[in-house]
Amino acid sequence: MSALGTAVALPAHAADPDVAIVGAGVAGLAAARTLMAAGKSVQVVEVRERIGGRAFTDSTTFGFPFDHGAQWIEAGKINPAMAIVREAAAKAILDRSEQAMYLAGKELSKEDYERFEKIANEATRRIAEALKKQPDVAVGRLLVPQDSLERLAYAMVGPLEQGVENGELSARDFTRQPEAEPQYAIAEGMGAMIARWGAKVPVKLGARVVRIDSTGTQVALETTAGQIRARAAIVTVPTGVLATGNFGFAPQLSAARREAIAQLPMASFNKVALLFSRKVIDAPAGRSVTALTGKGFAFDAIVRPANRDAAIVFIGGAQARALEEEGGRAAVTFALSALAEIFGDDLRGALAQSHATRWGRDPYALGSWSVARPGHADKRAVLAQPHHDRVFFAGEATDPVWATRVGGAYASGLRAAKEALALLGAKR
Ligand SMILES: Cc1cc2nc3c(=O)[nH]c(=O)nc-3n(C[C@H](O)[C@H](O)[C@H](O)COP(=O)(O)OP(=O)(O)OC[C@H]3O[C@@H](n4cnc5c(N)ncnc54)[C@H](O)[C@@H]3O)c2cc1C
């Protein structure tokens, strides 16, 4: 018997799905696929006109797949996202790119590379030591840069890796994340793989869920395209969307869950793709660049991806937020100046095509991924709890290990599907 015993409704109409799922990102698609494999009927409701959520590939504009969102599968030996690669029979490419580092346009000297290594190791040690003595601390209290090299090294902890400044980064939440190696990219693009993998899932596109009412015998989803009734629901929308209050619940979410949503805000991380009309970057194809500009802004880049006269610049934390706020071509201008410092001014006149993502301004993401505020790493487990017994929560923010990543979204979708199955009974 299910947790709700006899109160669990059978579908009122033959067309009613067993489970309604909000959001066709990785979490929603993983949940739907799992439920379908167990013989349950599902209906996914997605506000965008496409599936994939924060995984989306532009396959046409640049002559190489440009992933606006998720791109890599880190820690590939243990990352749950590798299951998607297998299920989609996709091609994963081991990332062997060498990293070159620059300060104000100049590559680090051999001595500076060695010192960088020591700074990075010492930072890891300091964070681990601090967590032996206290439950949590803001990384920014442990890593206070004294010079440019430390500033670059520490930017690679918070802004460029987690999308937040170190002062807003929970050391506990940060150390939850497994090591990044080995890292894989997807040949067709991550978003393209996800779209293929989820293609057989029934998704109602262009419909926004505004309210979930579980006070009756069935769960009713009020959407901009009408009502959907189901025996259970799975909610996978980002915490940024939940925090807006545009998404209602009856009964109301518990105070503990509302607090969890508030303490898991969205990080800021964006990408700028630049295509040049001729060869203006003198570097090996696919080289990874990490740098601090003369003005002290940190950025990462992949230059000459897929052997193209192009670059993808990555910006995170306060700088990403500031460029989003400035709007217009601010991010493209920044990316060009940042690269020009290293590769020369010639590239400014050779720009043929560009695109800057603005995930913080995307109303259905409102940021790149969830980050726990210092002292609140435990809130992911609170968010993952069922609401009113038959509304389940998934999405990257809810995963205890792989939060922020595709692997977390995937694992959370499987977990929520299993919770729904336990409620419905594994067999009809
Ligand atoms: C720039 C960037 C780079 C990244 N790089 C990586 C990376 O390299 N590797 C990695 O593992 N991860 C990366 N990530 C994170 C990764 O993209 C996410 O963790 C993952 O895609 C989240 O999946 P999800 O299903 O939890 O959420 P989402 O993909 O956000 O899915 C939720 C869905 O809900 C929909 N929705 C929202 N509101 C409503 C509503 N009211 N009604 C109906 N539908 C709604 C949204 O449109 C969306 O499709 C990156 C993210 C960004 C933004």
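The values are calculated or read from the model by the stated rules, or taken from the named source; none is laboratory data. Computed from a prediction, not measured in an experiment: that's the story for all the values here. Reconstructed Cβ throughout: ideal geometry from the backbone, glycine too, with neighbour counts over all protein chains shown. Heavy atoms of the whole protein, side chains included, go into the accessibility calculation; ligands, DNA and RNA do not. Shrake-Rupley method; radii C 1.70, N 1.55, O 1.52, S 1.80 Å.
Checking each residue in the stretch 179-191 for being among the small types (Gly, Ala, Ser) and either surrounded by fewer than 21 Cβ atoms within 10 Å (Cβ to Cβ) or touching a Leu at 6+ places or on another chain (Cβ under 9 Å) (or both) picks out Ala180, Ala185, Ala187. If I ask for residues that are open to solvent by less than 40 Å² (accessible area, probe 1.4 Å) and either in contact with a helix residue (DSSP H, G or I) (Cβ under 7 Å, 6 or more places away or on another chain) or part of a strand (DSSP E or B) (or both), which ones from the stretch 342-353 would you list? The answer is Leu347, and nothing else. Somewhere in the stretch 97-119, is a residue among the polar types (S, T, N, Q) and within 23 Å of Tyr184 (Cβ to Cβ)? Taking every residue of the stretch 97-119 in turn, at least one turns out to be among the polar types (S, T, N, Q) and within 23 Å of Tyr184 (Cβ to Cβ).
Could we say that Leu221 is open to solvent by 60 Å² or more (accessible area, probe 1.4 Å) and out of contact with any His (no Cβ under 6 Å at 6 or more places or on another chain) here? Give the steps one after another, and end with the answer.
On the way: open to solvent by 60 Å² or more (accessible area, probe 1.4 Å): no; out of contact with any His (no Cβ under 6 Å at 6 or more places or on another chain): yes.
Here the answer is no, as Leu221 does not meet what is asked.
Just one residue in the set Arg176, Arg151, Arg141 is at pLDDT below 95, in the same structural domain as Asp300 (by TED's automatic domain parsing) and either open to solvent by less than 50 Å² (accessible area, probe 1.4 Å) or more than 22 Å from the chain's Cα centre (by Cα) (or both); that residue is Arg176. Selection over the stretch 181-223 of residues that are at pLDDT below 95 and assigned to a strand (DSSP E or B) gives a count of 0.
Find the residue count for the stretch 411-423, including only residues that are open to solvent by 20 Å² or more (accessible area, probe 1.4 Å) and either within 9 Å of the ligand (Cβ to nearest atom) or of a type in the set (A, V, I, L, M) (or both).
Of the stretch 411-423, the ones open to solvent by 20 Å² or more (accessible area, probe 1.4 Å) are 411, 414-415, 418-419, 421-422.
Restricting the remaining residues to those that are either within 9 Å of the ligand (Cβ to nearest atom) or of a type in the set (A, V, I, L, M) (or both) gives 411, 414, 421-422.
Residues meeting the conditions: 4.
Summed over the stretch 377-413, residues that are assigned to a helix (DSSP H, G or I) and touching a Gly at 6+ places or on another chain (Cβ under 7 Å) total 4.
Within the stretch 97-112, being in a loop (DSSP other than H, G, I, E, B) and either aromatic (Phe, Trp, Tyr) or free of Cβ contacts under 8 Å to residues at least 24 places away in the same chain (or both) holds for one residue alone: Ser109. Of all residues in the stretch 22-62, exactly one satisfies the criterion of being over 13 Å from Pro238 (Cβ atoms), open to solvent by 30 Å² or more (accessible area, probe 1.4 Å), aliphatic (A, V, I, L, M) and near the ligand (Cβ under 9 Å from one of its atoms), namely Ile51. Would you say Leu336 is open to solvent by 10 Å² or more (accessible area, probe 1.4 Å), within 18 Å of Ala104 (Cα to Cα) and either touching a Gly at 6+ places or on another chain (Cβ under 7 Å) or not hydroxyl-bearing (Ser, Thr, Tyr) (or both)? In short, yes. Restricting the stretch 63-82 to residues that are assigned to a strand (DSSP E or B) and near the ligand (Cβ under 7 Å from one of its atoms) leaves a set whose member that is surrounded by the most Cβ atoms within 10 Å (Cβ to Cβ) is Ile73.
Show me the strands (runs of 3 or more DSSP E) entirely contained within the stretch 246-332 in which 1 or more residues are in contact with a Gly (Cβ under 9 Å, 6 or more places away or on another chain) and either open to solvent by less than 50 Å² (accessible area, probe 1.4 Å) or at pLDDT 95 or above (or both).
Fully inside the stretch 246-332 and qualifying: 269-276, 287-292, 298-303, 310-316.
Within the stretch 156-173, the residues that satisfy the criterion of being of a type in the set (Gly, Ala, Ser) and either open to solvent by less than 10 Å² (accessible area, probe 1.4 Å) or assigned to a loop (DSSP other than H, G, I, E, B) (or both) are Gly158, Gly163, Ser170, Ala171.
Quick one: is Val382 β-branched (Val, Ile, Thr) and under 18 Å from Gly28 (Cβ atoms)?
Numbers: β-branched (Val, Ile, Thr): yes; under 18 Å from Gly28 (Cβ atoms): no.
So Val382 fails the test.
Residues in the stretch 354-376 that are among the hydroxyl-bearing types (Ser, Thr, Tyr) and part of a loop (DSSP other than H, G, I, E, B): Thr357, Tyr364, Ser368.
Screening the stretch 83-110 for residues that are open to solvent by less than 30 Å² (accessible area, probe 1.4 Å) and under 22 Å from the mean Cα position of the chain (by Cα) and picking the one that is nearest to Asp309 (Cα to Cα) gives Ala90.
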